[in-house]
Amino acid sequence: MQSTNSTSGGFTAQAVTVSASPSFVPASGNQDIDGIISSLAWSTNSLTFSFPTSALFYEYTLEASNNFEPLNAQQQAVVRSFYDMIESICGLTFTEITETATTHADLRFAMSDEPSTAYASYPWYDAQAGDSWYNNSSGTYDDPDMGTYAFSTFMHEMGHTLGLKHGHETDTYGALPTDHDSLEYSVMTYRSYVGSPGSYYTAYNGHAPQTLMLSDIAALQYMYGANYSTNSGNTTYTFSPTTGEMFINGAGQGAAVANVIFRTIWDGGGTDTYSFSNYTTNLTIDLNPGEWSTVSSAQLAILGYDVSLGGLQYARGNIANAWLYEGDTASLIENAIGGSGNDAITGNQANNSLTGNNGNDTLIGGAGNDVLNGGNGTDTASYADASSGVSVGLHLSTAQAVGGGLGTDTLSFIENLIGSDFNDNLIGSSSANLLQGGDGADMLAGIEGSDTLEGGGGNDLLFGGTGVDSLSGGDGDDTLYVEGNDSLLSGGAGYDVVTVLDAAGVSVTIGTGIEFAGGYTGNDTLNASALTTAITIGGAEGNDTLTGGTAGDLLAGGTGVDTIHGGEGNDTIFGDAGADALYGDGGDDNLYVQGNDTTLEGGTGYDRVYVLDAAGVSIGIGTGIELVAGYTGDDTFNASALTTALTLGGALGNDTIYGGSQADIISGGGGADYLVGNGGADVIFGDDDNDLLAGIDGTDTLYGGGGGDLLFGGTGVDNLSGGDGNDTLYVEGNDALLEGGAGHDVITVLDAAGVSITIGTGIEFAGGYTGDDTLNASAVTTAITIGGAEGNDTLTGGTAGDLLAGGTGVDTIHGGEGNDIIFGDAGADALYGDGGDDSLYVVGNDSTLEGGTGYDRVYVLDAAGVSIGIGTSVELVAGYTGDDTFDASALTTAVTLGGALGNDTIYGGTLADVLSGGSGTDILVGNGGADVIFGDDDADSIYGGAGDDAIFGGSGGDTVYLADGSDNDTIYGFEDGFDIFDFSGHSSVNSLSDLTIMTVGSDVQVLFAGGQLLIIGAAGQIDGTDFGF
């Protein structure tokens, strides 16, 4: 399909006179035009054409002499139809004449075997200008049916004769733009699709263009002007879904050989309509100049097959709208009617009427005062291409100025809206609407119905209205207003907020991208469990149910009885006022309490409860809580049901805290606190003020802290430390540590079964109970008082001067180091002074009395008298009013024994003891050593025993007994006629004759076998009546 201006000859022909002449055409500056103009056009707009019947009518002979044949009737009809088409689009007119030897047309058509395909000549001055030739013998062009290669070839060659060049070639003004170099834009290019080879056609048979295309029309109009008389009235264009035939106002325009629609429409004026109401496919209709509409993918032209481009190459649409000529809008198609499918219909700058018909359609009015009728289905009006913000309300049935440079639109049967990239106001209707704001700070209001609102980019305001709505903010800082149980609330990039406006309360699920959700006065359910990013949820008034997501959320119930679940993540939960139920769920959560919340459960992770109510709270601690912290008020924490360990802190008020069954840490803080550990090995701190600490079960550690505290260890081996203040430590088991601090601290045993405890530092008093208690203060370096109470107790003092009292029972008491005071009390006690100068007070026949180091004393306090053995290292024994028996016979150290008031029996030890009977009829036995014996008052019996004894009988008739082993005794205070020296126990003295009595000065010396008596001041008083045998 070449174009040429050459001439050839070979035989004699008629001379041809050319009537039309060429004119020069400059570049337009639009490459869609310049890519196919040759720079030559006819200088006239009125041209003639003919179909020569003889080769002799041609001046040149090359084509005419090579199998010349005239065009057949079908070929001629196609030429005529193309000239009608060209006349309809531009300023050219064509007149058919009969070619003769003398009459020649400007444009001539014939067949010849000279061209291998076909070619034609540009406008020029010579005879062959405007002639086109088609190969004869191949038969390729015999049947140029619509859509065939032959049909397209005739258009192509006729374009050459009017001055159009090949669009793929770069000569003259260059080629078509790369993305427009295809049959979709021009029949003048060899490229069937963009990127195809430029040497041959690849379009499938029947899929060639059915009209001149966009660039062809624009180029011819550039060269010859536009024709606005074509279809200048109100024209309706329809198409057949089965044949592809176009109908103009109902009149058929002929069908292509294949069911393909591949054409460009130029309309001269009027109010025109594309009607596709007979189509069931999903249409894409675009009324803008230069744009394509696709009515059926099955009717798209196949322009080739290219593996590198993915296979079959389809035309980009079925119908193209011609470009405007010099901006004149008369050629626009104003209206479009969709089919029963889901259609997308786009208007242009005219006042369009777009009707969707059945199906879910999208209507884009564009500029102008448009009427958008969605028809049946769920239909959408789109303002995405507006140049500024729009305001559109689906609730309005009258015309509304939408703004955005788009005129005044009337919407009917439209359910959905799409906004622009600017600040839009989109309002729904009573039905279910979809409102899409796009970019910009939009306001979307669904009003009634179950609406879907999508804010898009920008800081948007979304009002769902009544109904179950779905609100999505998109990018930007959006606010979503909820007035019903909306099904989806989601944000996007930016800080997005959900605000409830329904006073009756809502139940909503919060989706992704929401950073804050706030309730209203009703009972709201705000569920963000699906969220993976952090969110803040506030319940406001009402009995709300709040649920966080999987990240670290902040949830606040507000007033009312709220139920709050943190969800996964490290959450912060505020119960606020009301008896709330707070659940941390997963993660390390913080639960803040401002009332007597009914449920506090932590879930997994390390969870904390913090009190914020200055008036104090009373709360039960649920499972999964690891820490509870009070505030300034009088708080009550009850974790008694817990089976996991936790830490409870009371802060400043007078708090009451109950631990659980495991090893808890409890701290009272300031105030007079009541702290109960319950089960487990608890650690309890009373801190300041006068606290009560009770470990109950388990091995507990109690620290009283400041103030006068009461510490109850309970069962188990506990550690009790009173701290500062006057503390009392109550013991119910064999506690491991008991210590005080500053102040007067007391240990009181409460275990009737008896305990065995070690008393630590800082204890001033320890008292046993009814059982057999072991109270050991050996490590204490300050003075302590220990009382055994009932039971057979073992008491041990420390290193200072202690006071120890056994109480009833058979007690064992060790004073320890220091100058101790020890009371055996009732029972056969064993008293040990240990180090220091100790005083042992006896009430009963104590079994053991040992002094230890230092000067130790035994004092009898039993008025009924006692009978006691004196152990080692006792330096002094003093009786009381009763008849006492002191037996120091086993002692190997000197001792002083005093009988006091009763009829006492006293036995000295082996060394030089001092015995004093006191008043009463006493028996005094010195035993070994140089004893000093005082009979004191009344008639006493005195046995000096071995050793040189000094005996003071005192008043009363005393008897001094001398036996074998008696040594040299000295008698003081002899009373003649009262005192007797009895030798009945001496084997060698049987009568007065066995004695030698001598007066030595004022004294009397009595000699006997093995010893002597020296009676001081008795000269002249001694005779036989003074002796007994």
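Laboratory data are not the source of any read-out in this text; all were calculated from the coordinates shown. In this text the structure is predicted, and so the values were computed from the model without any measurement. Virtual Cβ from ideal backbone geometry, glycine too; neighbours counted across all protein chains shown.
A few points about this structure:
- Translational diffusion of the stretch 378-499, estimated by Stokes-Einstein from the Kirkwood radius over alpha carbon pairs at 20 °C in a medium of 1.002 mPa s, is 158 µm² per second.
- Ranked by how many other beta carbons lie within 10 Å on average, peptides 759-770, 396-407, 375-386 from highest: 759-770, 375-386, 396-407
- Ranked for footprinting exposure by Cβ neighbours inside 10 Å, fewest first, Y972, Y125, Y658 give Y125, Y972, Y658.
- A simple count of charges around W124, restricted to other residues whose Cβ falls under 12 Å of its Cβ and scoring Lys, Arg +1 and Asp, Glu -1, yields -3.
- Ordering I447, F109, L775 by Cα displacement along the dipole of the chain toward the positive end leaves F109 in first place; charges were set at the Cβ atoms of Lys, Arg (+1) and Asp, Glu (-1).
- E541 sits among other residues whose Cβ lies under 11 Å from its own Cβ, and their net charge, with Lys and Arg +1 and Asp and Glu -1, is -4.
- Net charge over other residues, Cβ less than 13 angstrom from the Cβ of A641 (K, R count +1; D, E count -1): -2
- Ranked from largest, the principal axis spans of the Cα set of the stretch 20-224 equal 46, 36, 29 Å.
- The chain: calculated mean residue ellipticity at 222 nm from DSSP helix runs of at least 4, using -39500 (n - 2.57): -1500 deg cm²/dmol
- About the centre of its Cα atoms, the stretch 875-1029 shows a dipole size close to 280 debye [charges on the beta carbon of Lys, Arg (+1) and Asp, Glu (-1) only; nearest 20 debye].
- Percent of Cα-Cα distances greater than 18 Å, calculated over the stretch 734-818: 29
- The distance from the alpha carbon centre of the stretch 744-779 to that of the stretch 140-180 is 119 Å, rounded to a whole number.
- Kirkwood Rh (inverse of mean 1/r, distinct Cα pairs), the stretch 442-571, angstrom: 13.8
- Separation of alpha-carbon centers, the stretch 254-287 and the stretch 808-852, rounded to whole Å: 125
- Whether the stretch 875-1029 is rounded, prolate or oblate, judged on the alpha carbon gyration tensor where a/c under 1.5 counts as rounded: prolate
- For the stretch 647-765, the Kirkwood estimate of hydrodynamic radius, built from reciprocal distances between every pair of different alpha carbons, is 13.1 Å.
- Solution diffusion estimate, µm²/s, Stokes-Einstein, the stretch 252-369, Kirkwood Rh from C-alpha pairs, 20 °C, viscosity 1.002 mPa s: 143
- This model, with +1 at the C-beta of Lys and Arg and -1 at the C-beta of Asp and Glu, gives the stretch 20-224 a dipole about its Cα centre of some 200 debye.
- When each of the peptides 455-468, 510-523, 691-704 is scored by the mean number of other C-beta atoms lying within 10 Å of its residues, the order from highest to lowest reads 691-704, 455-468, 510-523.
- Seen from a random direction on average, the alpha-carbon convex hull of the stretch 723-868 projects onto 7.3 square nanometres.
- Here the mean projected area of the convex hull built on the C-alpha positions of the stretch 849-950 is 5.1 nm².
- Three semi-axes describe the equivalent ellipsoid of the stretch 158-239; taken as square roots of 5 times the Cα gyration tensor eigenvalues and ordered largest first, they are 25, 18, 10 Å.
- Computed Kirkwood radius, in angstrom, where 1/r is averaged over Cα pairs of the stretch 594-712: 13.3
- Shape call, the stretch 509-575: gyration tensor on alpha carbons, a/c limit 1.5: prolate
- Dipole magnitude (debye, nearest 20) for the stretch 632-748, charges at Cβ of Lys, Arg, Asp, Glu: 240
- Inter-part distance where the stretch 592-644 and the stretch 928-987 are each reduced to a Cα centre, Å: 84
- Taken over the chain, the alpha-carbon convex hull comes to 221 cubic angstrom per residue.
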